[in-house]
Structures are given as C-alpha cells and as structure tokens.
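Enquirer: Sharing a structure, written as structure tokens. Questions coming.
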Amino acid sequence: MIESCVTVSLVSQAKGGPFVYWDDLALACEQAASMGYDAIEIFPPSVDSVPVKTLRQLLSEHNLRLAAVGTGGGWVLNKWHLCHAEARVRQQARQFISRVIDLAGDFGASAIVGSMQGRFEGEMTRDQALDWLRDGLFELGEHAKQYGTPLLYEPLNRYETNLINRASDAVEFLESIKTEHVRVLADLFHMNIEEGSIADAIRTYGSRLGHVHFVDSNRRAAGMGHIDFAPVVTALKETGFAGFASAEALPLPSSEEAARQTMVAFKQYFGAQGPA
Ligand SMILES: [Mn+2]
C-alpha cells in the first residue's frame, strides 16, 4: 500500500524551500489530518530542536504517522556533508545524520540523505567523493538497521549535486554499498530534470525504492506543473512500492492550497481513498 504524506519544515533559514508547511507543527498536523493524510515528513534544523514529546502527542491526537526526517539542516546551517574534503567535517556530517536516524527510528521513520550527500570540487576527484559517500551511507545504513527502517538516499538534479543524478547511475552506486539498509528516495522534480522517462526510472529503481517526493515539474503541488502522473503512478504500482508518497512542494499559492491540491492529485491517480 502506498500512503500519503506532507512535508513540514522547522528550519526558518530554509525559507523559500520546497516544503508545504512551515514552523507551525500543530497547524500542519491539524490540516494534514483533516485532509486525510496518513503521515507527515519533517525537516528540522537539528535533532535537539525537535519537540519530541509535542510531536508524539500531535501524531497521536491526529492519528498521523511520522514517515521520514530530513537531514539537510546539517548542510543548510553548518555546511557539513558526507564527502567534504576535511575528515572532521565528514565526521560531523555522519554524526548529525546518525542522530537523525535515532530520532526518526524511535518513531518507526526513516532519515533522508539529500543535500548532505554533498558534491566534489577543487582538487577532489569524483571517485574520491563517491568513496566517501559510499562509506558514509554504508555505516549509516547499518546504524538504521536496528530500527527496521531503511536509510533513504535521494539522488538530486545536476544543479544540486555533481555526484549522481540519474536512476541508472544511482542503482549501480547502490549495488556497490554492501548493506540492505539503504533505499532510494525518488523525487519527481529532480527526475523530471534528469530522466528521459520518470516511469522508466521508477522501474529501474524497482524494489530499491523506499520513498517518493510526489511533486510537479516546477516544484509546485502535483497538478500545478506539467508532469504526466498517470504513467508514473502506474510504474509505482507495478514495482509493488509500499512506502510513502510525500508532498515536497512549494507552499504556493499557500500551504493549505498546496496540501489540498496534492490530495486532489492523490485521489485522482491512486483512487478515492487517496494512495492505496
Ligand atoms: Mn526531495
């Protein structure tokens, strides 16, 4: 079964980023539940900033689950990432992600490595950067194992990383990581830029797929851009994907409208009850 999810950013410095809800966790949970969402995904500045008790109460009160927790706060606020030239910074990136895995794991949720994968520049070679990323994802995937939740690795488009942008390269890279506990996050916005066919790319991911950022070509809510969702959803169903389709969209024209529009699209493509 595919479940519906909506994103909530708790990072004020990321203002303008592609998150449906901002800052107000209580309001986000209330609206998400009233629209029929199954879960929320949060993007916190750090683990210590997450109001764990309040979050647990809100999820329980609104019968929502926590689907995933982003780690990009480590990049946005500290410029840490997993293939940084300095060993000390790479280690800080691993510790940051490791703590997010612990936080998310206690909720049965996954941590996401997106911008924290980094990029290579200056003297560094691409192979060196990929070696460091591979080592980091291996160690962190093995750390996530104890929670029964995979670590989610998100390939990004060429303007956000020069490491891996396409499904075929991502699958080859993942096969070189000797752990079962890293899965792919397929973000339809990134894929729309990089892939010849988003549906074919989803089939390429197949059983490696762990989470979807369900969003349109212009980072607005599904249905507000030009992605043809029917073949994409068919491919998701064919692969047997049973994770969350999460609205990671700009809050346009407003948070509430972006959330509502995504739910309209979910019902249109997945059926009357939303994703299923
Ligand atoms: Mn994404």
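The values are calculated or read from the model by the stated rules, or taken from the named source; none is laboratory data. What you see is a predicted model; the values in this text were computed from it and never measured. Note that we place each Cβ from the backbone using ideal geometry, even for glycine, and neighbour counts take in every protein chain shown. Surface accessibility is based on the protein's heavy atoms, side chains included, excluding ligands, DNA and RNA. Shrake-Rupley method; radii C 1.70, N 1.55, O 1.52, S 1.80 Å.
Enquirer: Using Cα positions and a limit of under 16 Å, work out the lysines in reach of Lys267, with same-chain residues fewer than 8 apart set aside.
Expert: Lys237
Enquirer: Enter the accessible area of Arg90 (Å², nearest 10), with the probe set to 1.4 Å and all protein chains included.
Expert: That residue has around 40 Å² of solvent-accessible surface.
Enquirer: With a 1.4 Å probe and every protein chain left in place, work out the accessible area per residue of segment 161-276 in Å², rounded to a whole number.
Expert: Details: 4560 Å² over 116 residues.
Averaged over the residues of segment 161-276, the accessible area is 39 Å².
Enquirer: Calculate the spin-label point distance for Val264 paired with Glu175, positioning each point 7 Å from the Cα along the beta-carbon direction, and give it in nanometres.
Expert: About 4.2 nm separates the two model spin labels.
Enquirer: Distance in nm between label sites at Asp131 and Asp200, each 7 Å beyond Cα in the beta-carbon direction?
Expert: Each label point lies 7 Å from its Cα, and together they span 3.4 nm.
Enquirer: While we're here: Kindly provide the helix-only [θ] at 222 nm of the chain, computed as the sum of -39,500 (n - 2.57) over DSSP H runs of four or more divided by all residues, to the nearest 500 deg cm²/dmol? Kindly include the intermediate steps, with their values, before the conclusion.
Expert: On the way: 10 runs with 116 residues, N = 276.
The helix contribution divided over the chain gives -13000 deg cm²/dmol.
Enquirer: Ok, one more. Ignoring ligands, DNA and RNA, what percent of the 1.4 Å accessible area of segment 3-270 is carbon and sulfur?
Expert: Within segment 3-270, the accessible surface is 46 percent carbon and sulfur.
Enquirer: In nm, to one decimal, how far is the Ser34 label point from the Lys53 one, both placed 7 Å along Cα→Cβ?
Expert: 2.7
Enquirer: Could you compute how much accessible surface Ile198 exposes when probed at 1.4 Å, giving the result in Å² to the nearest 10?
Expert: It works out to around 20 Å².
Enquirer: In debye, nearest 20, what is the charge dipole magnitude of the chain about its Cα centre with +1 on Lys and Arg Cβ and -1 on Asp and Glu Cβ, if you could check?
Expert: Values: 24 positive and 34 negative charges, 37 e Å.
The calculated dipole for the chain is roughly 180 debye.
Enquirer: Shifting gears a bit: What is the Rg over Rh value, at two decimals, for the chain, using alpha-carbon atoms and the Kirkwood definition of Rh?
Expert: Taking Rh as the inverse mean 1/r over Cα pairs, Rg/Rh reads 0.94.
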